[in-house]
Amino acid sequence: MMKYTVIDCEVRVVHKAGRNLNYLKNSNEGPIRDIYQDRSIKKAIKLWNVESLIKSMNKNKIRYAVISGLAWVNRRALKANNEYVKYCLDKYENRLLGFYNVPTHNIKKAVSDIINLDKKKYLGVEIIPKWQNININDKKLTPIINIIKKRKMFLKIYTAHPTQTLNGDSPFRTLSFLKKNKNLKVIIPHLGGLLTIYALMPKIKKIIKNVYFITSVSKTMDMVKFSSEINSKNLLFGTDYPFNHCFNQSFPIKKINELKISIDTRKKIFSKNALKIFNFKK
């Protein structure tokens, strides 16, 4: 089998306190409760640190990864997780780039923090609207969006599949946001809730032509093939490790390799597209 340079564009790491089962059990945040109730939590939680990530990257011959924390509503947890991401970026600067999880509860601080982000280490900012109890189209976010544009950084927006939610992080809200922010550099995980498929429609294709989508759909990897047939230039490989259903990076790599796509398309997905837009250190 041909060997490819692999870049994992969606990985998460969690600070030490956030890796404590009792801490998760007592959290009042919905997504954290859902994570805690997963029957595999005791196995998964051991993988939430950067050492496990680097070990997995080495095992799977993954050259680089893009990391972020979790979008905690708890202010202390959000601060601690962002600090841990910075620690990881400093320690493994030749392997990792990152996203900053923005505190949407404090817009003034968020803007200040974004101004001070080191662009050699941070690609941009991540917002998970439903988790952070905010609509991505909320005018409250305008100062954050403006400073991201000014600094020419990326905004990473979580978008759910339309069958998972009729509001919250729906593709329809995301489309509305993209229409109003055509000059913003945007990355969307999980194939944008399959917005990549809707690109068959000319109007939608025009709206998302400059948006990058991460292939973090480990249970439905055939969707990556369909998406690549529409536009292979805007796909970025990502595993959502260690929060994917398989708790590893090897399964998504295997599934991409099994897809009936061209060698050039596989190269674009695994790393070619990412290397064009990200400033990884060689």
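Brief remarks on what is shown
- Restricting the range 101-148 to residues that are surrounded by 14 or more Cβ atoms within 10 Å (Cβ to Cβ) and among the basic types (Lys, Arg), the residue that is farthest from ARG12 (Cα to Cα): LYS130
- Qualifying positions in the range 202-221 - outside any loop (DSSP other than H, G, I, E, B) and over 24 Å from ARG12 (Cβ atoms): PRO202, LYS203, ILE204, LYS205, LYS206, ILE207
- Contact map, the range 214-234: residues that are in contact (Cβ under 8 Å) with a residue 24 or more places away in the chain and hydroxyl-bearing (Ser, Thr, Tyr) paired with residues that are exposed (fewer than 14 other Cβ atoms within 10 Å of the Cβ) and not in a helix (DSSP H, G or I), Cβ distance under 9 Å, separation 6+ or inter-chain. Pairs shown: SER218/HIS245; SER228/SER262; SER232/SER262.
- Candidate set from the range 243-274 (those that are of a type in the set (Ser, Thr, Tyr) and surrounded by fewer than 16 Cβ atoms within 10 Å (Cβ to Cβ)); member that is farthest from TYR64 (Cα to Cα): SER262
- Of all residues in the range 147-161 being within 16 Å of ILE187 (Cα to Cα) and in a helix (DSSP H, G or I), the one that is farthest from the chain's Cα centre (by Cα): LYS149
- Residue check for ALA80: in contact with a Phe, Trp or Tyr (Cβ under 6 Å, 6 or more places away or on another chain), touching a residue at least 40 places away in the same chain (Cβ under 8 Å), more than 21 Å from PRO129 (Cβ to Cβ) and surrounded by fewer than 20 Cβ atoms within 10 Å (Cβ to Cβ): no
- Checked against the criteria, VAL66 counts as closer than 25 Å to ALA110 by Cβ and either modelled with pLDDT of 95 or more or touching a Phe, Trp or Tyr at 6+ places or on another chain (Cβ under 6 Å) (or both).
- Residue that is farthest from the chain's Cα centre (by Cα) [pool: residues in the range 235-282 that are of a type in the set (Gly, Ala, Ser) and within 19 Å of ILE187 (Cβ to Cβ)]: SER271
- Within the range 74-101, the set of residues being closer than 23 Å to TYR64 by Cα and either in a loop (DSSP other than H, G, I, E, B) or of a type in the set (Ser, Thr, Tyr) (or both) comprises TYR84, TYR87, TYR92, GLU93, ASN94, ARG95, TYR100.
- The residues listed here are LYS233, LYS225; of these, the one that is charged (D, E, K, R), modelled with pLDDT of 95 or more and either buried (at least 18 other Cβ atoms within 10 Å of the Cβ) or assigned to a helix (DSSP H, G or I) (or both) is LYS225.
- Scope the range 84-136; condition of a type in the set (Phe, Trp, Tyr) and more than 19 Å from GLY238 (Cβ to Cβ); matching residues: TYR84, TYR87
- Taken over the range 101-142, the criterion of being touching a helix residue (DSSP H, G or I) at 6+ places or on another chain (Cβ under 6 Å) and aromatic (Phe, Trp, Tyr) is satisfied by TRP131 alone.
- Meets criteria (within 20 Å of TRP48 (Cα to Cα) and of a type in the set (Gly, Ala, Ser)) for SER112: no
- Remark: pairs (first residue in the range 134-155, more than 11 Å from ASN181 (Cα to Cα) and at pLDDT 95 or above; second residue β-branched (Val, Ile, Thr) and surrounded by fewer than 14 Cβ atoms within 10 Å (Cβ to Cβ); Cβ separation under 7 Å; 6+ apart in sequence or on different chains) = ILE147/ILE115.
The values are calculated or read from the model by the stated rules, or taken from the named source; none is laboratory data. Note that the coordinates shown come from a computational prediction; the quantities given were computed from them, not determined experimentally. When we count neighbours, we look across all protein chains shown, and the Cβ atoms used for this are built from the backbone with ideal geometry, even at glycine.
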